[in-house]
Amino acid sequence: MSKTLSFSKYKIISLFALLLGSLLIPATSQAKILEEKRSLYQNVYIIDDMGLTCMRFRKKSHNDLSQSCIFNDTPEYLVFDYYKLAMGATFFLEDPKDMLIIGLGGGVLVNRYKEVYPKANITSIEIDDVVAQMARKYFNYTDEGEQYETHVRDGRVFIKRALRKDKRYDFILLDAFNSDYIPEHMMTKEYLEEVKGLLKPGGIIMANTFSSSALFHHESETYHQVFGELYQIHFDDEKTNRVIVVSNEKLPSKEKLLKKANEYKPLLSPYGVDTLKVFDAISGEVNWDTDAKVLTDQYSPANLLK
Amino acid sequence: MNSLVLICAFIMGFSIMTVELLGGKILSPYFGGSVYVWGSIITIFMLALSIGYLVGGKLSLKEPNTRKYGVIFIVAAITTLPLVIWHAELSDWVFMQIEDPRYGSLVTSLILFLVPTTIMGMVAPYSVRLLVANAESSGQTAGFLYFVSTLGSALGTIMTSFYLVLWFELDNILYGVTVVLALVGLVAILFPKPLPKAEKAELSHE
């Protein structure tokens, strides 16, 4: 999933200084590749660029190709808008005990969830072993402690097994897509029904997905068919990302969410999250074409619809 | 050269790759979309085709004709049907039995694809037998047949992965394959063509 950079004022000023500096220095000296490693799925690059450490799957430097990024000096301060949207999960959750993350990536979000919910058990799934290694090495991810687990395997295979083992979760984050390729078997009605089956009563699923292209309509309608009502969280000035929030029971009202947003404001501000801005970005509106064909295991050309 | 046989071989080449590519879509909900899932599918297809070549070649020894050739297509269509109807149930059953997705996908591929693909593989050597007129030109004939059937495979691959999955549902594409194979088989049975040897004999009489 592509992510657009968003900074607070002081970050912008420091960036400006860096940009100004970079005009004087040859372009090649800007970004430094700290490590590159070929995995079973892709080339994984760790890049140090303008005060950020980023994980990318392409060598060429475009901001929107970064998978995970942290600020070197303030790693807790969230870089991407999408991370901030995903912290909106806190408005929907009441002291979650069991959390499941499909798509660990750099582990940036898991690290924040660990801090916000120190008592929660968090299970993270990542298909790419190299990505999980890099998360530990460069993004301070750790699963030390009984509460935490990391599994290197396909998200859907994990979910099917977890269903059989009667595992249930209060919160599930679906974050397995990147901008280049969507695992098509993880964007279907059947998949979402399996994920729904893993929720405890009143549990919450949050999905980091696309807000542009034809896929937007197909995907939204697929969620709509499986869950009924859904919230979308999407900043107006942001082009590519949105977050979908669904549940197996009725979703909390806006009033309740606003109360939570106020409650979490001081807690989340060190992460650069303005909870009221995130609250304003929540919409229950049906803004997609409800006639769009639902994606199923029978019909899932997600990458062709992108 | 017998154009019926060439068209049949082209369609079979197309069908084999359509089924193989959709194999990935069939297995991914249960075993993921990783390289070992493709490894399983390709392994079983290669194994099945190799057996098919062997059996098809043997079969071509006994009074070869286009009627029998058509029967191979009909049998291929019939053996593809269980795959279309029960792939979800069978994949799920194997998923329950085998935890490791590598062996899970291998066993599922074996159950789903071994028999129909073996039958499909029988077409290539049988086509060679129906086309070859004499020993001198046999290499050229076989070469041309491979050219036509592999071209069919190439087209089947690109059509399936670029367009068919966008236009149709998975099972409908597979049903399409079985219908086409059955039709091709019927045509071969109903409109038999003589062997090239006979044609050659007629020519020498004139």
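The values are calculated or read from the model by the stated rules, or taken from the named source; none is laboratory data. Keep in mind it's a predicted model, so treat the numbers as computed, not measured. Cβ atoms come from the backbone with ideal geometry, glycine included; neighbour counts cover every protein chain shown.
Right, A:Asp154: touching a helix residue (DSSP H, G or I) at 6+ places or on another chain (Cβ under 9 Å), surrounded by 19 or more Cβ atoms within 10 Å (Cβ to Cβ) and within 14 Å of chain B (Cβ to nearest Cβ) or not? Answer is yes for this residue. Within the stretch A:157-180, take every residue that is in a helix (DSSP H, G or I) and within 28 Å of A:Met55 (Cα to Cα) and give me the one that is nearest to the other protein chains (Cβ to nearest Cβ). Only one residue fits best here, namely A:Val157. Taking the condition buried (at least 21 other Cβ atoms within 10 Å of the Cβ) and under 17 Å from A:Ala86 (Cα atoms), does A:Phe235 pass? Spelling it out, it is not the case that A:Phe235 is buried (at least 21 other Cβ atoms within 10 Å of the Cβ) and under 17 Å from A:Ala86 (Cα atoms). Apart from one condition, A:Glu238 fits all of (1) away from chain B (no Cβ under 14 Å); (2) modelled with pLDDT under 95; (3) closer than 30 Å to B:Leu170 by Cβ; the exception is (3). Figure legend. Inter-residue proximity from the stretch B:88-99: first residues within 8 Å of another protein chain (Cβ to nearest Cβ), second residues surrounded by 18 or more Cβ atoms within 10 Å (Cβ to Cβ), beta-carbon distance below 7 Å, spacing 6+ or different chains. Indicated pairs: B:Phe95/A:Lys160; B:Phe95/B:Tyr30; B:Phe95/B:Gly104.
Would you say B:Leu22 is within 14 Å of chain A (Cβ to nearest Cβ), assigned to a helix (DSSP H, G or I) and in contact with a helix residue (DSSP H, G or I) (Cβ under 7 Å, 6 or more places away or on another chain)? Even if it seems obvious, please write down each step before you answer.
On the way: within 14 Å of chain A (Cβ to nearest Cβ): yes; assigned to a helix (DSSP H, G or I): yes; in contact with a helix residue (DSSP H, G or I) (Cβ under 7 Å, 6 or more places away or on another chain): yes.
So B:Leu22 fits the description; yes.
Does B:Ile42 count as part of a helix (DSSP H, G or I) and under 30 Å from B:Ile189 (Cβ atoms)? Spell out the reasoning first.
Working: part of a helix (DSSP H, G or I): yes; under 30 Å from B:Ile189 (Cβ atoms): no.
No.
Answer with yes or no whether B:Pro101 is over 24 Å from B:Thr157 (Cα atoms) and buried (at least 19 other Cβ atoms within 10 Å of the Cβ). Here the answer is yes, as B:Pro101 does meet what is asked. Residues that are hydroxyl-bearing (Ser, Thr, Tyr) and surrounded by fewer than 19 Cβ atoms within 10 Å (Cβ to Cβ) do occur in the stretch B:50-70. Does B:Gly56 qualify as being in contact with a Ser or Thr (Cβ under 6 Å, 6 or more places away or on another chain), in a helix (DSSP H, G or I) and among the small types (Gly, Ala, Ser)? No. Among (1) more than 14 Å from chain B (Cβ to nearest Cβ); (2) more than 21 Å from B:Leu166 (Cα to Cα); (3) surrounded by fewer than 18 Cβ atoms within 10 Å (Cβ to Cβ), there is one condition A:Glu193 misses while meeting the rest; what is its number? With respect to (1) more than 14 Å from chain B (Cβ to nearest Cβ); (2) more than 21 Å from B:Leu166 (Cα to Cα); (3) surrounded by fewer than 18 Cβ atoms within 10 Å (Cβ to Cβ), A:Glu193 is out only on (1).
Assess whether A:Lys60 counts as being closer than 17 Å to A:Ser179 by Cβ and either more than 15 Å from the chain's Cα centre (by Cα) or surrounded by fewer than 22 Cβ atoms within 10 Å (Cβ to Cβ) (or both). Break it down into steps so the answer makes sense when it comes.
Working: closer than 17 Å to A:Ser179 by Cβ: yes; either more than 15 Å from the chain's Cα centre (by Cα) or surrounded by fewer than 22 Cβ atoms within 10 Å (Cβ to Cβ) (or both): yes.
So A:Lys60 fits the description; yes.
Annotation note: Cβ proximity below 7 Å between a residue of the stretch A:133-145 that is among the polar types (S, T, N, Q) and a residue that is in a loop (DSSP other than H, G, I, E, B) (sequence gap 6+ or interchain) occurs for A:Asn140/A:Pro75. Checking each residue in the stretch B:26-40 for being in contact (Cβ under 8 Å) with a residue 60 or more places away in the chain and buried (at least 23 other Cβ atoms within 10 Å of the Cβ) picks out B:Ile26, B:Leu27, B:Pro29, B:Tyr30, B:Phe31, B:Gly32, B:Val37, B:Ser40.
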